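Undergrad: The following block contains the structure, expressed as structure tokens.
The values are calculated or read from the model by the stated rules, or taken from the named source; none is laboratory data. Just so it is clear, the model here is predicted, and its values are computed rather than measured. Using ideal geometry, Cβ is built from the backbone for each residue, glycine included, and neighbour counts are taken over all protein chains shown.
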Amino acid sequence: MINKFLGFKPDEKLLPSQTVTEDTEIDLSSHKYQKIWLGPNHPGVTGNMAIELTVQGTTVMRAKTHVGYLHRGFEKLIERRLFVQGFPTSIRMCVAEPDTNEYFIARSTEELSGYADAVPEYANWLRMLSLEMARLAGLLRGVPGQGGTFALGIGVQWGVYLRDLILDRFEELSGARVYHMYIIPGGVRGALPDGFKERMEDNLRDIDDFIIRIKKLMFHNSVFKQRAKGLAVITPEMVDKYGIVGTNARCCGVKRDVRKDNPYLYYDKLDFDPPTATDGDVYSRTWIRWQELIQTVDLIRQIMAKMPKKGDIRCKMPNVLNWKIPKGETYVRLESGRGEMGMYYVTDGSDKPRRINLRGPSYNHAISVLEHMLIGQDVADVHAIMVSLQTCPPEIER
Amino acid sequence: MKELIEKLSSKYELQEVVYQRDNLVFAAISKENAIEAVTYLRDYEGYTHLVMMSCVDWIEDGKYQLLYLLHNPKLKNDIGIKVYIDRENPEMVSAHHLWKSVWTYQREMHESFGIVFPGSPRLEENFVVEGWDETPFMRRDFDTHEYAEKTYFPRGNRKTNDPAEYMRKKLYPNQPVTAKQRKDDK
Amino acid sequence: MSELDLNNKTSEMLANSEANVKNSKKNFTRPEDEKREVVAPDGSIIEVNPLYDYFSNEKPKEEKPRGGVVEKFLNWARAESIWVLGFGTGCGSIEIPPLVTPRFDMFRYGVQMRPTPRQSNAFIISGYLSVKTLKRVIRTYEQMPSPKYILALGSCTINGGMYYDSYSTINRLDKYIPVDVYIAGCMPRPEALLHGFVKLKQLIKEGKAEKANEYARNFDEYKANQKKIIKDWNMPDYNW
Amino acid sequence: MNIYAKLAYTILGFLIVLNWGFLMGATMRKIGARMAGRHGIPFKQPWINLFKSISTRTVITHGIMYYIGPVFRLTGGIGLFLFMPMVFTGSPDGPWTNFSFEGDLILIMYFNVFGMLGMALGAGEGGHPYAAMGITRGLAQHAAVELPLTLAFLSIAIQFDTFSIYKIVEAQQGGIMHWVLFTNPFAAAAIILAMLGALGHSPFNLVKAPNEILIGPATEYEGTYLGFMMSAGATLHVMEAVLFMNLVFGGATSWLELIVKSFLIYFWSVFVGMVFPRFKIEQSVTWFFKVPLLLGVLAVIIFMF
């Protein structure tokens, strides 16, 4: 308007292009662009990974994810260990929810050696309890963590404290705080301790209180809405093209939940409906995760009410020293807090697995999806987008 | 699942069809037809979700086995298309035009197995290791223990309490001892 | 020289340097880090070597403690205010959030997190270190101001732990950088970490935490070990 | 008053301000920690941090401006202090009025920006891209904050027909209803809102956000320079609170009143920051250009006629 009045006409070519896409040409020698690294030593990246950003001003023109800082070669290490020896190694593949990996190894070995139906009912309920507790622990960090990316640190403090309480219950159940090694081939490692349900119910009541507080803190907050609404939208077309799963797919209306689609354990006996949203932005992803928090608390209550009082915790398994599994292959999947996780397990008739391959949701979310989504965004939003996609580097590089 | 396999076998030659579960089937297809079959499954049969790509090293047969695991969100079942390629000169047609996530898998396989996918973007870039110039590390003939001992200054006096050994001697003394174990003891 | 000529010249030079990279196979430097000639705004041509122009290639120097009452007082200040770098190098970093939250609250002990290496003087190596991370850890460690302390978390940093046979992770951390306090366990509980901090404080107050000087003294030895495993050594020997 | 006595009072006053700044910072962090359910840092922590920063052995230089940056910032803080009447004692030549003079409000508005400009020079010389980005954001936001602040100052100056802070304080004496807060509510409202940006807490602290970029201008600073910056930060926080106290909340007649009032003013920004996430820079600039700017313009218009 003012320009028109003054008769000033800016040279359009010299101005930065308004819409940035993957095809926008970048001439690094023109000195208009700068390369900055976000990570690996940076509080704004989730875990130990790095993003190489090419920025113009504060707009991201290109993003490249660099992983491998946490590579330990698990898949190679497990190939040279016995089935049962590989077990404690495998659970360290994902630090945030280690129980999912326990389930993969246990379930695939059971399935390939023909013990899948022999696992006692009580043990299966306990497995479900442990998986849901792991999801709850992850969500208690994840939901306020999204506020934390916008400097709403107070919710993170409350959430991590409650997560500690859940870890206490894990400690009661399995003896360990982070790496539980609870779900083992053939069943679980221990029964419910006395009074576990009461103490769990106490904690769940605290968490109910927290859920309401976090709603007031985050979803009734104008600044949070301004930052998160309309940011980094996932469209339904992107879901299959990029292999998006879990809450990230559900945020744009595509209802994908392994617990409903391919029920494992006794999830078909539970009453729940995975939440969906339609916007697909950071706000709706957070909103879904908040609803999932309510649902997980409810699921734990349902599991504790429906599970049998007593029962066997393990079935009779062969001697682990001479445990040979016939040649075969399988793919086992479950719904983790971040989405569909799965493991491809190949045996060749010896006492060691031939090949295992973990499929983590972050494998796509952190590389192809993130690189696509960051283009055209502000540098200040990069951390929020990463956290909203729930990228977890250990499951990418293993 | 049966109908799908019948339909598929009328078009392509299928081998090693294994019904692993009600909702999971594995089938091997020749290298030439694989990408065509995967495209057919994606476009006409509704297997729109690529769950994962993987690779298994069958060193005895001199083959690599590639796996394309596809999921049908409507029927809620999976099919795993297996392809055997030559281990000496591993090369496979790239599928990066089908899904946006494929090139990452292919980049990883290129680094860890040395398989070449001509035309796949950013194939030569490092994925998890930097400047690796040994045998690709996921191959069966790469001995990671030997490499680690050679390279990383193992601390002396490391007492490895092998649980297998311990259990065999202490907990199961009556277990019949195999010939190989007897040899190891000596 | 007109602007167009300048642009042409610059892009030509960049193309040349990229061609050099392709020709020499063993060269790990990225094209933008190559030694090249740059046309300055006034038309003069300057030779630029980004890797060596912005970093020092000098060896670190030993900085002797002053001794006496002054040093005692400064050591007390150092011990009571430990600034930890927020760099989670391994799975042990999952236990850092509980440390800064109500349950364990390490702020009580004067331990705080700082985001940049320039402002921190303690470095928690949280668990296993892959070679790729080790390269970053060394660079970060060298950027930290002396006196600096390293806490190594978990059995993986002591002897490789569960990953003793992995091709990607190191076995002994003290071969590459000097370690002040080891905290054993897989993974160590937050209480163990707090105990590690108390132990570190004790060492600092006694004046025994002078590992930065040890690094300077045995610099060549450490560098030889580091170069043995980091295959693409495309960085200066020392940077501060 | 004897110039030597005045100098002695000024130095003593500065020491009080510096230490109160440290203590106030620690208290605020303590309050934040209590909200989260933690104990938080000990009260003595800021002083220990200062000694610890000085005890750092490594000294790195990136050039002359790199040294001068923190010095500029501290100069900004000291400048604010030197020309600010701290405690109202009834005479413009009193013990705690420092070197205030007719028209010191203009000088103080200049010193308010001075520290930020110094940091810009230092951060630029440091050469880290994060520092450069942080300071760009800082300057953009500072410009947006300065506009409503300056308008409100102008309005107050027109109201009392003076640019002397001492006279503004003097005019507000004699009861709570004489405060600018009640006599010029639009200017007061503009200042109270713009204050959030000036004191630099969430939601307006993208400048030094650890998540969005690294910690902004201070990325490359360490050791003694960081100690300088911590002292400068403590001084600036107190002095800005005192400035707003003098202009809007009736000044102080004793050190105790100053401490209570500056604490409450500073607490207002911490209180808002606790429950609000931070704005992006374009959002915060738009925010300041909406309500606070409108209030500032209104305040000026009302007193112009």
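Undergrad: Is it true that residue C:177 is within 24 Å of residue B:147 (Cα to Cα), in a helix (DSSP H, G or I) and within 14 Å of chain B (Cβ to nearest Cβ)? Reasoning before the result, please.
TA: Working: within 24 Å of residue B:147 (Cα to Cα): yes; in a helix (DSSP H, G or I): no; within 14 Å of chain B (Cβ to nearest Cβ): yes.
In short, no.
Undergrad: Being at negative phi and either within 12 Å of chain D (Cβ to nearest Cβ) or surrounded by fewer than 22 Cβ atoms within 10 Å (Cβ to Cβ) (or both) is true for just one of C:72, C:132. Which residue is that? Walk me through it before giving the result.
TA: On the way: C:132 fails: either within 12 Å of chain D (Cβ to nearest Cβ) or surrounded by fewer than 22 Cβ atoms within 10 Å (Cβ to Cβ) (or both).
Every option except C:72 fails the conditions.
Undergrad: Where residues in the range B:147-176 are surrounded by 13 or more Cβ atoms within 10 Å (Cβ to Cβ) and modelled with pLDDT under 70, which of them is farthest from residue C:176 (Cα to Cα)?
TA: Across the range B:147-176, the extreme among qualifying residues is B:175.
Undergrad: Still on this model: May I ask you to say which residue of A:137, A:151 is of a type outside the set (Ser, Thr, Tyr), farther than 15 Å from residue A:333 by Cβ, surrounded by 23 or more Cβ atoms within 10 Å (Cβ to Cβ) and without any contact (Cβ under 8 Å) to a residue 24 or more places away in the chain?
TA: None of the other options fit; the residue is A:151.
Undergrad: Does the range A:29-46 hold any residues that are part of a loop (DSSP other than H, G, I, E, B), at pLDDT 75 or above and within 9 Å of chain C (Cβ to nearest Cβ), and which are they?
TA: A:40, A:41, A:42 - these are the residues of the range A:29-46 that are part of a loop (DSSP other than H, G, I, E, B), at pLDDT 75 or above and within 9 Å of chain C (Cβ to nearest Cβ).
Undergrad: Still on this structure, I have one more. Among (1) more than 22 Å from residue B:13 (Cβ to Cβ); (2) crowded, with 20+ Cβ neighbours inside 10 Å, which single condition is residue B:76 missing?
TA: (2)
Undergrad: What's the total number of residues in the range A:59-108 that are under 27 Å from residue B:142 (Cα atoms), away from chain B (no Cβ under 14 Å) and among the β-branched types (Val, Ile, Thr)?
TA: Residues in the range A:59-108 being under 27 Å from residue B:142 (Cα atoms), away from chain B (no Cβ under 14 Å) and among the β-branched types (Val, Ile, Thr): 2 in total.
Undergrad: So which of A:53, A:70 ends up being more than 29 Å from residue C:38 (Cβ to Cβ) and either modelled with pLDDT of 75 or more or acidic (Asp, Glu) (or both)? Lay out the reasoning, then the answer.
TA: On the way: A:53 fails: more than 29 Å from residue C:38 (Cβ to Cβ).
Answer to the selection: A:70.
Undergrad: Do we have any residue at all in the range D:89-96 that's within 14 Å of chain C (Cβ to nearest Cβ) and among the small types (Gly, Ala, Ser)?
TA: No; the residues of the range D:89-96 include none that is within 14 Å of chain C (Cβ to nearest Cβ) and among the small types (Gly, Ala, Ser).
Undergrad: Could you tell me how many of the residues in the range B:21-51 are in contact with an Asp or Glu (Cβ under 9 Å, 6 or more places away or on another chain) and either in contact (Cβ under 8 Å) with a residue 40 or more places away in the chain or within 20 Å of residue B:98 (Cβ to Cβ) (or both)?
TA: The qualifying residues number 16.
Undergrad: From the list D:153, D:204, which one is buried (at least 24 other Cβ atoms within 10 Å of the Cβ) and assigned to a loop (DSSP other than H, G, I, E, B)?
TA: Of the residues listed, the single one that is buried (at least 24 other Cβ atoms within 10 Å of the Cβ) and assigned to a loop (DSSP other than H, G, I, E, B) is D:204.
Undergrad: Which is modelled with pLDDT under 85 and on the phi > 0 side of the Ramachandran plot, of C:160, C:110? Walk me through it before giving the result.
TA: On the way: C:110 fails: modelled with pLDDT under 85.
After ruling out the rest, the residue left standing is C:160.
Undergrad: Next up: Where in the range A:161-276 are the helices (runs of 4 or more DSSP H), entirely inside, with at least 3 residues that are among the acidic types (Asp, Glu)?
TA: A:196-214
Undergrad: Here's something else I'd like to know. Which residues, taken from the range D:273-286, are within 10 Å of chain A (Cβ to nearest Cβ), assigned to a helix (DSSP H, G or I) and touching a residue at least 40 places away in the same chain (Cβ under 8 Å)?
TA: Within the range D:273-286, D:273, D:274, D:281, D:284 meet the criteria.
Undergrad: Residue by residue through the range C:138-161, note down the ones that are surrounded by fewer than 24 Cβ atoms within 10 Å (Cβ to Cβ), in a helix (DSSP H, G or I) and not hydroxyl-bearing (Ser, Thr, Tyr).
TA: C:138, C:139, C:142, C:143, C:158, C:159, C:161, listed by residue number.
Undergrad: Then there's this: Given the residues D:99, D:14, which is the only one that is touching a Phe, Trp or Tyr at 6+ places or on another chain (Cβ under 9 Å), in a helix (DSSP H, G or I), within 30 Å of residue D:174 (Cβ to Cβ) and not acidic (Asp, Glu)?
TA: The unique qualifying residue is D:14.
Undergrad: Residues A:51, A:26: which one is more than 14 Å from chain B (Cβ to nearest Cβ), out of contact with any Leu (no Cβ under 8 Å at 6 or more places or on another chain), not aromatic (Phe, Trp, Tyr) and not in a helix (DSSP H, G or I)?
TA: A:26
Undergrad: Moving on to the next point. Residue under question is residue C:183, and the condition is that it be under 22 Å from residue A:96 (Cα atoms), in the same structural domain as residue C:85 (by TED's automatic domain parsing) and within 12 Å of the chain's Cα centre (by Cα); does it hold?
TA: Here the answer is no, as residue C:183 does not meet what is asked.
Undergrad: Moving on. Looking at residue C:97, is it within 9 Å of chain D (Cβ to nearest Cβ), without any contact (Cβ under 8 Å) to a residue 40 or more places away in the chain and either of a type in the set (Ser, Thr, Tyr) or touching a helix residue (DSSP H, G or I) at 6+ places or on another chain (Cβ under 9 Å) (or both)?
TA: no
Undergrad: Looking at the range D:208-249, which of its residues are out of contact with any helix residue (DSSP H, G or I) (no Cβ under 7 Å at 6 or more places or on another chain) and either among the hydroxyl-bearing types (Ser, Thr, Tyr) or more than 14 Å from chain A (Cβ to nearest Cβ) (or both)?
TA: Within the range D:208-249, D:233 is the sole residue that qualifies.
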